[in-house]
Amino acid sequence: MKHDFARHGHSPCSNPQVRAWVQETAELTQPDRIFWCDGSDAERDALNAEAVRQGTLITLNQDRLPGCYYHRSHPNDVARVEQCTYICSESEVDAGPTNNWAEPKAMRAKLLALAKDSMTGRTMFVVPYLMGPASSPLSKVGFEITDSIYVVLNMRIMARIGKVAGKHLGDSPDFNRGLHCLLDLNPERRFICHFPERNEIISVGSGYGGNALLGKKCLALRIASVLGRKEGWLAEHMLILGVESPTGEKTFVAAAFPSQCGKTNFAMMVPPAGFDGWKVWTVGDDIAWMKPGPDGRLYAINPEAGYFGVAPGTNAKTNPNAMRTIQRDTIFTNVALKPDGTVWWEGHDDPPPAECLDWQGRPWTPNSKEKAAHPNSRFTAPMANNPMLAPEADQPEGVPIDAIIFGGRRPTTVPLVLEAFNWSHGVFLGATMGSETTAASSGTVGQIRRDPMAMLPFCGYNMGRYFRHWLDMRKAIKFPPRVFNVNWFRQDADGQFLWPGFGQNMRVLQWIIARCRGRASAQETPLGWMPLIEDFNLAGLANFPAGNLERLQAINPDEWRREILQQDELFMKLYQFLPKEMIFQRELLVARL
Ligand code: SAT
Ligand code: MN
């Protein structure tokens, strides 16, 4: 069946507020055509065909990678841009010292002036989308207006789009308005702006990932964190996974790590040899919305419907389930393109191709100096492809969370695993998280930056008040999850990783779950509860030098002196808004050390 792109997609949503806003936006941006997305497969085929015709997508080898396409973004547009990201709350204090703030009226005027007539000669797509399972009370509706067909095709994978969103919304005025204009991709005219009081996002000048797929970081974290504070829930930069024991007992865990610390790998982990009967199910790999349930436990949904994962380093060893997930219906962005119409990246299972085109379309051979794939190249894949997708992922009530894990990329100082003494201490562990910077955001790579709860770039309001909200949530949760801190990245003096990571992280999870179930003892240390060496399952772990676990868990006083001073830098910045519990926790830590 052939679908006429030009004649497709003309069934506007009946919600009067949506229609009025779309009309208004069309008058401003002056597109040649308006295309309302319905989310159907026929529509997907028509959009893919059109994107290929325009050269936005390249069709990959359909025998090897059915339904898969390839995209190159503009070389200046390959990551999130925090310096161009603004929280435009009415008052500057509401954005807080860790966000860029701009006065909302002036910023809106500036953005609308940029958007004016920007879609002339182009198609304006209207994407109704739902973040969260259909009919979940935790789900939220957004509409993204965009002139990027690539954004539409990514949103199709990352969110539940089309009729399901209109149905969830009904006639309610309660939806997020998202306007996205590519403009000319000039970094000077690149702004990602959030208007929390208006539940509105305007993003111009970038077509990439978290800058342009407005349901993801913009709505599901920055705007949602503001809504969560108002409505009594948490919007977090967390994966959600379920561990099933050989007896069929399931424990759900939410874990926060900064971008590019392996959230997707952890969320899709395969238990290693020796863990017969254990299974890890994925609920989500990036974002969790968590709200106390009627039974007094904390429940989490994954608002997304797909994975926007880092390609480099993904292979059958690091993430076999991801490799299966991206065999079909996947968009690959900024990876290398092989002559046979398949894709490659550094750290792929296949050896480097004798020749290929790099992420910028230039001929590449193994002798080339530059990388073939951009370090922040990505796959966009539907979560339904994941062989270990948790059956509960679509449950409207979400899954009950028993453990919250905070982690970062720390070559020194921070032990492999420890458990917080209590909720406040857990909030302190999250608040003082740090991590080495990576390529997911533009900027220097390899420095430790404080990244509280992995939310530094994503908290849509004052970070000090965000800690207060976390502390206050304790009162609303009768049976709070236990809180843990992990670090897979500790190195020895020669820069070698002390811990094998990946599937072997199951051993850490096993201890965490045993703690949650009251089955493992622990020793008290200045930093928190730590596993007794004899309690920690190292059975069958090949090539693991004796004494490495002790090295992984060691507390080095000099390193901790430096660490506390570093933590103070963020606390000083937030001082005016910092809950006093955080200062107490700091004092207690100093005293214990
Ligand atoms: O922000 S993105 O969605 O582009 C990816 C990330 O940083 O997690
Ligand atoms: Mn992320």
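The values are calculated or read from the model by the stated rules, or taken from the named source; none is laboratory data. All figures in this text were calculated on a predicted structure; none of them were measured in a lab. Cβ sites come from the backbone with ideal geometry, for glycine too, and all protein chains shown count toward neighbours. SASA here: full protein model, heavy atoms, side chains in, ligands and nucleic acids out. Shrake-Rupley method; radii C 1.70, N 1.55, O 1.52, S 1.80 Å.
Of all residue pairs spaced 6 or more apart or on separate chains, those with beta-carbon atoms under 6 Å, a first member in the stretch 52-78 that is over 16 Å from Tyr150 (Cβ atoms) and a second member that is of a type in the set (Gly, Ala, Ser) are Asn61/Gly341. Checking the stretch 566-573 against the condition returns no match, with no residue being in contact (Cβ under 8 Å) with a residue 60 or more places away in the chain, within 25 Å of Thr264 (Cβ to Cβ) and touching a Ser or Thr at 6+ places or on another chain (Cβ under 7 Å). Annotation note: Cβ proximity below 6 Å between a residue of the stretch 205-224 that is away from ligand 1 (no atom under 11 Å from the Cβ) and a residue that is open to solvent by 10 Å² or more (accessible area, probe 1.4 Å) and modelled with pLDDT under 95 (sequence gap 6+ or interchain) occurs for no pair.
Provide a single number: the residues in the stretch 76-107 that are among the charged types (D, E, K, R), open to solvent by less than 50 Å² (accessible area, probe 1.4 Å), out of contact with any helix residue (DSSP H, G or I) (no Cβ under 6 Å at 6 or more places or on another chain) and under 20 Å from Ile223 (Cβ atoms).
Residues that pass the stated criteria total 1.
I'd like to know if the stretch 383-397 contains one or more residues that are open to solvent by 20 Å² or more (accessible area, probe 1.4 Å), within 16 Å of ligand 1 (Cβ to nearest atom) and within 28 Å of Leu337 (Cα to Cα). No, the stretch 383-397 contains no residue that is open to solvent by 20 Å² or more (accessible area, probe 1.4 Å), within 16 Å of ligand 1 (Cβ to nearest atom) and within 28 Å of Leu337 (Cα to Cα).
What pairs can you find where one residue is in the stretch 375-393 and among the aromatic types (Phe, Trp, Tyr) and within 16 Å of ligand 2 (Cβ to nearest atom), the other is open to solvent by 30 Å² or more (accessible area, probe 1.4 Å) and in a loop (DSSP other than H, G, I, E, B), and their Cβ atoms are less than 8 Å apart, with a gap of 6+ or different chains? Final answer for the pair search is none.
Whether a residue is buried (at least 24 other Cβ atoms within 10 Å of the Cβ) and within 16 Å of ligand 2 (Cβ to nearest atom) was assessed, and Gly284 passes this test. Only one of the numbered conditions (1) surrounded by fewer than 24 Cβ atoms within 10 Å (Cβ to Cβ); (2) in contact (Cβ under 8 Å) with a residue 40 or more places away in the chain; (3) in a helix (DSSP H, G or I); (4) among the basic types (Lys, Arg) is not met by Lys230, and that is (2).
Yes/no per residue for (1) open to solvent by 10 Å² or more (accessible area, probe 1.4 Å); (2) within 16 Å of ligand 2 (Cβ to nearest atom):
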{"residue": "Gly162", "(1), (2)": "no, no"}
{"residue": "Ser172", "(1), (2)": "yes, no"}
{"residue": "Ile192", "(1), (2)": "no, yes"}
{"residue": "Phe195", "(1), (2)": "no, no"}
{"residue": "Ile201", "(1), (2)": "no, no"}
{"residue": "Gly205", "(1), (2)": "no, no"}
{"residue": "Ala212", "(1), (2)": "no, yes"}
{"residue": "Leu219", "(1), (2)": "no, yes"}
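Only a single criterion out of (1) in contact (Cβ under 8 Å) with a residue 12 or more places away in the chain; (2) of a type outside the set (D, E, K, R); (3) in a loop (DSSP other than H, G, I, E, B) is not satisfied by Gly426, namely (3). On inspection, Asn367 fails the criterion of being polar (S, T, N, Q), assigned to a loop (DSSP other than H, G, I, E, B), more than 16 Å from ligand 2 (Cβ to nearest atom) and open to solvent by less than 50 Å² (accessible area, probe 1.4 Å). Only residues that are away from ligand 1 (no atom under 16 Å from the Cβ) and modelled with pLDDT of 80 or more were counted across the stretch 423-446, and they come to 11. Within the stretch 338-351, does at least one residue satisfy the condition of being of a type in the set (A, V, I, L, M, F, W, C), modelled with pLDDT of 95 or more and within 15 Å of ligand 1 (Cβ to nearest atom)? No, the stretch 338-351 contains no residue that is of a type in the set (A, V, I, L, M, F, W, C), modelled with pLDDT of 95 or more and within 15 Å of ligand 1 (Cβ to nearest atom).
Taking the criterion of being among the charged types (D, E, K, R) and surrounded by 12 or more Cβ atoms within 10 Å (Cβ to Cβ), the residues of the stretch 575-593 that qualify are Glu581, Arg586, Arg592. For the stretch 519-574, a residue qualifies if it is within 32 Å of the chain's Cα centre (by Cα), open to solvent by 50 Å² or more (accessible area, probe 1.4 Å), more than 30 Å from Phe467 (Cβ to Cβ) and hydrophobic (A, V, I, L, M, F, W, C), and exactly one does: Leu538.
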